[in-house]
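The values are calculated or read from the model by the stated rules, or taken from the named source; none is laboratory data. For clarity, every value in this text was computed on a predicted model and none was experimentally measured. Cβ placement follows ideal geometry from the backbone for every residue including glycine, while neighbour counts extend to all protein chains displayed. Ligands, DNA and RNA are stripped out before the accessible areas are found, and what is left, the full protein with its side chains, is counted by its heavy atoms. Shrake-Rupley method; radii C 1.70, N 1.55, O 1.52, S 1.80 Å.
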Amino acid sequence: MVLSMTALHRSTAGRWLVWSCLFFGSLIPLGWITWEAVQQRLGADPAQVIVTFLGIWALRYLWITLSVTPARRLLGFGWLQRYRRMLGLYALFYASLHLLAVATFILGWRPDLLLRELTERPYIIVGFTAWLLLIPLGITSTRGWQRRLGKRWKTLHWLVYPISLLVLLHFAWLIRAGYLEVLIYALVLAFLLGYRLYLKWR
Amino acid sequence: KLRAATRADGLSTDEKLTPYEHVTGYNNFYEFGLGKDDPRARAQNLKTDPWSVEISGEVHKPGTYQLEDILKGVDLEERIYRLRCVEAWSMVIPWVGFPLAELLKRFEPKGNARYVAFTTLHDPEQMPGQRSRFGTIDWPYVEGLRMDEAMHPLTLLAVGVYGDALPPQNGAPLRLVVPWKYGFKSIKSIVRIHLTEQMPPTSWNRTAPQEYGFYANVNPAVDHPRWSQSTERRLPSSLFSPNIIDTQPFNGYGEQVAQLYSGMDLRKWY
């Protein structure tokens, strides 16, 4: 599998194939939820379902982006490295849709509600902060910016670690009962971040 | 099908009903899972017949009574109530039931009975949510009311919804409905009613006392620590015009119930 993926990337067609699979595959969650909404299969509170769904996919893409390095080092998935930017941008993409869905479907763009939610709710402030911090990472994810920023690029993109912790906190803060799901994501993140500490200190 | 119930017009709202599909498909009933669609998917085999209810504590006629005996000679009424969930969504539901006061009077509460405690069925075999090790609620689910709240004419014991017997996901065969309080007070699938002198423990209060009080009266002025209670989304909400409405004190039943709390600081007794 590893060998064949590496082999696949030797040809332009192979690279194009993998790129399309990842690019279009990442649109499947959006396509699915849109389809379900159009078919009116989301139940009594479609707004909440859509918001939760987009949020969890933003979180998953962030976690996936953070898995690229461990996957490369531990599993030899060197080919994955070139798609890390795309995966990270999908995290920002789903996070932005999540936010847009909250403002549109839950708050109806009512200024008083928007202001209140953004200033009074700790879990929303935390989530919103994570999204704000992701934006510069998205903007500077291109090769041009990487060149321009030089060493500072790495410093800036180190922000993804605190961002991931903010995202986890945002998620955990919403729980009313039953913390199994958040526990699983927390354990995965603990591994992804812990592995980096291990690389640094060994 | 239930015996034809006459509508209690004076005690009913004429707001637009939430469709049956949503009333019975969007439920918080953690005994069957945490998802809103889990109860409908997983509660269908709940055995509700035979069903008995234990009446105990400060009453002259304690005992364990079969549900059909409890319902004998009871006049069922239809009551259309608003239901406001603490999660800030709401519905309008046509319940079928009878006043809790009627039942309590039959068992003759003693003079020192000050509170009524309720317990939901505890049966992990039938209720998968009670087998979960990652929940935060200690089973069985318990709730309680002060005696005057329990005796209030709005306080209903429901056995049906939309003219039919309650489906399991809505708390069959017997549940409480207290329309001026957050939904979690309206305990489902009741197996025990216990009259007591002491304020009884309640499940959500035990789980997160700073978030859920004993009274849990709907109150737009007192926010849940993590979200606002000043507005609610009336379900079903449609995507591009979310049905956001202002939440009313006591869920709009203030005229009938506010006097129960006169002199109480509702910020303290949330």
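Things to note:
- Residue that is nearest to the other protein chains (Cβ to nearest Cβ), among those in segment B:182-206 that are open to solvent by 10 Å² or more (accessible area, probe 1.4 Å) and part of a loop (DSSP other than H, G, I, E, B): B:Tyr182
- Filtered residues of segment B:129-164 (kept if open to solvent by less than 20 Å² (accessible area, probe 1.4 Å), among the hydrophobic types (A, V, I, L, M, F, W, C) and either modelled with pLDDT of 95 or more or touching an Asp or Glu at 6+ places or on another chain (Cβ under 8 Å) (or both)): B:Leu145, B:Ala150, B:Leu154, B:Leu156, B:Leu157, B:Ala158, B:Val159, B:Val161
- Some residue of segment B:235-249 being in a helix (DSSP H, G or I) and at pLDDT 95 or above: yes
- Residue match in segment B:93-106 (condition: open to solvent by less than 60 Å² (accessible area, probe 1.4 Å) and farther than 21 Å from B:Gln256 by Cβ): no
- Residue pairs whose Cβ atoms lie under 6 Å apart, separated by 6 or more positions or on different chains, with the first residue in segment B:207-218 and more than 13 Å from every other protein chain (Cβ to nearest Cβ) and the second open to solvent by 10 Å² or more (accessible area, probe 1.4 Å) and of a type in the set (A, V, I, L, M, F, W, C), are B:Tyr215/B:Trp269; B:Asn217/B:Phe250; B:Val218/B:Phe250.
- Test result for B:Ile137, in a loop (DSSP other than H, G, I, E, B), touching a residue at least 60 places away in the same chain (Cβ under 8 Å) and within 14 Å of chain A (Cβ to nearest Cβ): yes
- Looking only at segment A:173-192, residues that are under 22 Å from B:Glu87 (Cα atoms) and in contact with a Pro (Cβ under 8 Å, 6 or more places away or on another chain) come to 1 in all.
- Within segment A:103-122, none of the residues are within 24 Å of A:Leu134 (Cα to Cα), touching a residue at least 40 places away in the same chain (Cβ under 8 Å) and within 20 Å of the chain's Cα centre (by Cα).
Okay, residues lined up against (1) out of contact with any strand residue (DSSP E or B) (no Cβ under 6 Å at 6 or more places or on another chain); (2) surrounded by fewer than 14 Cβ atoms within 10 Å (Cβ to Cβ); (3) within 14 Å of chain B (Cβ to nearest Cβ); (4) in a helix (DSSP H, G or I):
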{"residue": "A:Ala130", "(1), (2), (3), (4)": "yes, no, no, yes"}
{"residue": "A:Leu174", "(1), (2), (3), (4)": "yes, no, yes, no"}
{"residue": "A:Val182", "(1), (2), (3), (4)": "yes, no, yes, yes"}
{"residue": "A:Tyr185", "(1), (2), (3), (4)": "yes, no, yes, yes"}
{"residue": "A:Gly194", "(1), (2), (3), (4)": "yes, yes, no, yes"}
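- Residue in segment A:10-17 that is on the phi > 0 side of the Ramachandran plot and either of a type in the set (Ser, Thr, Tyr) or surrounded by 12 or more Cβ atoms within 10 Å (Cβ to Cβ) (or both) present: no
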